Amino acid sequence: MTADFHDAHQRHWDDAELLYEKQRWANADHLYGMAAECGLKQLMLAFGMSFDAGKNMPVEPKDSVHANGVWARYESYRGGHRRGAAYALTASNPFDDWHVAQRYAQQTLFDSNRATKHRDGAENVRQLVRKAAFEGLI
């Protein structure tokens, strides 16, 4: 299958919202991280990230990161692009305590505070993706 970061961003966001409304904190939290990762990678493509379509992955191994690592990688692309100034993230990474392996964690370890923090971070990314789509960047 071919990567479609924009579609994946929206799909993960939509499903996370459904789970959040049902107070299914663990899976909502996980999907907010996935939504943020996919949205930022879509923007990174627009800002010049190389992508190997044959391997279906970024050319640079350091770009193959998840929500906790993509925040900093995004900044390296945004900062070097002429339109990047209009697409800044919050200064601190809301996913610094998120890891893709947490999908294996006991669901009782997740609560509304954790999920809301990651929801807010994913919403920040969502607004940038929507802006980029509206402005024709993606």
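The values are calculated or read from the model by the stated rules, or taken from the named source; none is laboratory data. Predicted model, so just to flag it, every value in this text is computed and none were measured. As a convention, Cβ positions derive from the backbone with ideal geometry for all residues, glycine included, and neighbour counts pool all protein chains shown.
Of everything in the range 46-67 that's out of contact with any Phe, Trp or Tyr (no Cβ under 6 Å at 6 or more places or on another chain) and among the aliphatic types (A, V, I, L, M), which residue is surrounded by the most Cβ atoms within 10 Å (Cβ to Cβ)?
Applying the filter and picking the extreme gives Ala46.
Can you pull out every residue in the range 87-119 that is surrounded by 13 or more Cβ atoms within 10 Å (Cβ to Cβ) and either among the hydroxyl-bearing types (Ser, Thr, Tyr) or in a helix (DSSP H, G or I) (or both)?
Within the range 87-119, Tyr87, Val100, Gln102, Arg103, Ser112, Arg114, Ala115, Thr116, Lys117, His118, Arg119 qualify.
When the range 68-86 is examined, which residues are found to be surrounded by 17 or more Cβ atoms within 10 Å (Cβ to Cβ) and under 12 Å from the mean Cα position of the chain (by Cα)?
Residues satisfying the conditions are Asn68, Gly69, Val70, Trp71, Arg73, Tyr74.
State yes or no: is Ala28 surrounded by fewer than 16 Cβ atoms within 10 Å (Cβ to Cβ) and either assigned to a helix (DSSP H, G or I) or touching a residue at least 24 places away in the same chain (Cβ under 8 Å) (or both)?
Answer is no for this residue.
This table checks each residue for (1) under 15 Å from Phe5 (Cα atoms); (2) among the polar types (S, T, N, Q).
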site	(1), (2)
Ala46	yes, no
Phe51	yes, no
Arg73	no, no
Gly79	no, no
Ala86	no, no
Ser92	no, yes
His99	no, no
Tyr104	no, no
Phe110	no, no
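May I ask you to list the residues in the range 5-24 that are touching a helix residue (DSSP H, G or I) at 6+ places or on another chain (Cβ under 6 Å) and either part of a loop (DSSP other than H, G, I, E, B) or within 16 Å of Asp120 (Cα to Cα) (or both)? Break it down stepwise before answering.
Filtering the range 5-24 down to residues touching a helix residue (DSSP H, G or I) at 6+ places or on another chain (Cβ under 6 Å) leaves 5-6, 8-9, 12-13, 15-16, 19-20.
Scanning the range 5-24 gives His9, His12, Trp13, Asp15, Ala16, Leu19, Tyr20.
Taking the options Met49, Met44, Met1, name whichever one is modelled with pLDDT of 95 or more and part of a loop (DSSP other than H, G, I, E, B).
Unique residue meeting the criteria: Met49.
Within the range 59-79, count every residue that is in a helix (DSSP H, G or I) and either free of Cβ contacts under 8 Å to residues at least 24 places away in the same chain or under 17 Å from Val100 (Cβ atoms) (or both). First the steps, then the outcome.
Here is the first cut: in the range 59-79, the residues in a helix (DSSP H, G or I) are 61-63, 67-78.
Of the ones still in play, those that are also either free of Cβ contacts under 8 Å to residues at least 24 places away in the same chain or under 17 Å from Val100 (Cβ atoms) (or both) are 61-63, 67-76.
The qualifying residues number 13.
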